[in-house]
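One structure is given below, encoded as structure tokens.
The values are calculated or read from the model by the stated rules, or taken from the named source; none is laboratory data. Worth saying up front: this structure is predicted, and the values here are computed from it rather than measured. For neighbour counting, all protein chains shown are included, and Cβ atoms are generated from backbone atoms with ideal geometry for every residue, glycine included. The protein model used for the area step is the full one, side chains on, heavy atoms only, and it has no ligands, DNA or RNA in it. Shrake-Rupley method; radii C 1.70, N 1.55, O 1.52, S 1.80 Å.
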Amino acid sequence: MRNGVVVVTGGGRGIGAAVCRLAGAAGYDVVVNYAADRAAADGVVAEIEAAGGRAVAVGADVADEAEVDRLFKAADELGVLAGLVNNAGITGNTPGRLDEQDVDVVRRMLDVNVTGVFLCARAAVRRMSIRYGGPGGAIVNVSSAAARLGGPGEWVMYAGSKAAVETMTVGLAKEVGTEGIRVNAVSPGVVETDLHAAAGLPDRPSRLAQLIPMGRPGQPVEIAEGILWLLSPSASYVTGAVLNISGGR
Ligand code: NAP
């Protein structure tokens, strides 16, 4: 059975790629968004198709209004939008104290992590809300345990961007609660993806394992499972929730 279209931002690698694979297997038609790594996104599409699913790769910077417009028009061509996973996010790749940060790096990070979530959520609400004649749907935003922990010494501003994502989740859930749209967030702890090495901290997941009650970092698919549940009708009475998937941290 087909479940409609789901847009996954940053779907070419890491947590987003795991979401795309599970969504494809669950019968969603998947829009695999990426920023620069077309080959990775094409690889995810090929995996979904090989497993009998439908998917398309679409390059678009989520911080750019015109590109987000193009992303959702590509989704419209695939079918009726049923879900959005706002997964694309960056740290800025300059871990360190707040007083060492460059304003341009911080501005770009906020643009991707906060404005990007706004632009994609707006496009999704305009399609899915019954207020606009849509069929309803679900939005899942990807936050971070950093929103609770604050990211001291590494990325306080990134942590702040994720706190914004969680507040937007709560507010938008209330706004569209009677319009057929559920809005939730997952808050992953440390997950083994390229994000750490990109910030020059390849051993970060293993280094932080001792601080995690379960004694290990998470795998992308363990985050994706929670996201798929929040997207699905099994979570029909869940909205405005932030689900920690963090090994207890
Ligand atoms: P990742 O491995 O670095 O992958 C990031 C993905 O986002 C890539 O597909 C990338 O596209 C895409 N992306 C980056 N900037 C974009 C933009 N402006 N527009 C569209 N796509 C963009 O990251 P990850 O670790 O899977 O993280 C995914 C999400 O989980 C992020 O929101 C992150 O903050 C959050 N998170 C991660 C961890 C962790 O420990 N890994 C923990 C908590 C929360 P390209 O492939 O084209 O570069």
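Within region 5-245, all pairs of alpha-carbon atoms sorted by distance into 10 Å bins from zero give the percentages 8, 34, 38, 17, 3, 0. Accessible area per residue for the chain, computed on protein heavy atoms with a 1.4 Å probe, is 44 Å².
Between Ala25 and Ser206, the simple label model (points 7 Å from Cα in the Cβ direction) yields a spacing of 2.7 nm.
Taking every alpha-carbon pair within region 126-249, the share separated by more than 22 Å comes to 39 percent.
Grab the beta carbon distance between Thr167 and Glu77, set R0 = 35 Å, and tell me the FRET efficiency rounded to 0.05. Using R0 = 35 Å, I get an efficiency of 0.60. For region 184-191, putting each phi into the Karplus relation 6.51 cos²θ - 1.76 cosθ + 1.60 with θ = phi - 60° gives couplings of 9, 10, 10, 10, x, x, 6, 10 Hz, in residue order, rounded to whole numbers and with x for Gly and Pro. Charge tally for Leu211 (other residues, Cβ to Cβ under 12 Å; Lys, Arg +1; Asp, Glu -1): +4.
Can you tell me what percent of all Cα-Cα pairs in region 43-100 are more than 20 Å apart?
The calculated P(r) of region 43-100 puts 45 percent of pairs beyond 20 Å.
Computed in the context of the full set of protein chains, the accessible area of the chain at 1.4 Å probe radius has 54% of its extent on carbon or sulfur.
Ranked by the mean number of other Cβ atoms within 10 Å per residue, highest first, peptides 11-21, 36-46 order as 11-21, 36-46. Here's how it looks for Ile90: its modeled amide H is under 5 Å from those of Asn113, which are all 5 or more places away or on a different chain.
Using heavy atoms of the protein chains and a probe of 1.4 Å, the accessible area assigned to Thr193 is about 40 Å². Among Gly79, Gly151, Gly59, the largest mean-square fluctuation in a Gaussian network model of the chain, built with springs joining Cα atoms closer than 10 Å, belongs to Gly79.
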